[in-house]
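K.L.:
Please see the structure below; I have some questions.
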Amino acid sequence: CIDEIRQHEKVNYHDVILGFMMEFGASRWLTREEISGGCIEAIQSGQERHVIGQTEPWDQRPEYG
């Protein structure tokens with residue numbers, strides 16, 4: 001359970017939300033570099049919750065496949 005993990009003093013837990021990017025009027029999923037860079041940023045900033053890219057408007061996200 002997440003609450004149990006957060007209670008450990010030697011654990012730094014971060015929620016990292018993966019979104020998408022809008023470029024030139026079209027959406028795309030995040031690259032590996034954007035994801036890893038965003039995770040590093042979340043850890044270094046100490047933020048409990050960090051969003052990489054954008055999540056809104058969700059209906060503008062790219063299609064799967």
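K.L.:
Using a 1.4 Å probe, what is the accessible area per residue for the chain, in Å²?
P.N.:
Details: 5330 Å² over 65 residues.
Roughly 82 Å² per residue, with all protein chains present.
K.L.:
Moving on. Using a 1.4 Å probe and ignoring any ligands, DNA or RNA, find the accessible area of R28 and quote it in Å² to the nearest 10.
P.N.:
Estimated to the nearest 10 Å², R28 gives 60 Å².
K.L.:
As a test of reading the structure, rank D3, D15 by solvent-accessible area (1.4 Å probe, protein chains only), most first.
P.N.:
Solvent-accessible surface, decreasing: D3, D15.
K.L.:
Here's another thing I want to ask about it. How would E48, E23, E33 rank on accessible area, largest to smallest, probe 1.4 Å? Please report the intermediate quantities before stating the final value.
P.N.:
On the way: E48 110, E23 80, E33 135 Å².
So the residues, ranked largest to smallest area, are E33, E48, E23.
K.L.:
Which order do you get for S36, S27 if you rank them by accessible area with a 1.4 Å probe, largest at the top?
P.N.:
Working: S36 60, S27 35 Å².
Highest to lowest solvent-accessible surface, that is S36, S27.
K.L.:
Tally up the carbon and sulfur contribution to the accessible surface of the chain as a whole percent, 1.4 Å probe, everything protein left in place.
P.N.:
Working: 2680 of 5330 Å².
Summing carbon and sulfur atoms, their accessible area is 50 percent of the total for the chain.
K.L.:
Which chymotrypsin sites (Phe, Trp or Tyr not before Pro) from region 14-65 combine a DSSP loop assignment with at most 12 other Cβ atoms within 10 Å? Don't skip to the end; give the middle numbers.
P.N.:
Values: sites: F20, F24, W29, W58, Y64; in loops: F24, Y64.
Counting only loop positions with at most 12 other Cβ atoms within 10 Å, the chymotrypsin sites (Phe, Trp or Tyr not before Pro) in region 14-65 are F24, Y64.
K.L.:
Any chance you could tell me what percent of the C-alpha pair distances in the chain go past 20 Å?
P.N.:
Numbers: 815 of 2080 pairs.
That fraction is 39 percent.
The values are calculated or read from the model by the stated rules, or taken from the named source; none is laboratory data. These numbers come from a predicted model, not from an experiment. Positions of Cβ are backbone-derived with ideal geometry, glycine not excepted, and every protein chain shown enters the neighbour counts. The area values use the complete protein model at the heavy-atom level, side chains included, leaving out ligands, DNA and RNA. Shrake-Rupley method; radii C 1.70, N 1.55, O 1.52, S 1.80 Å.
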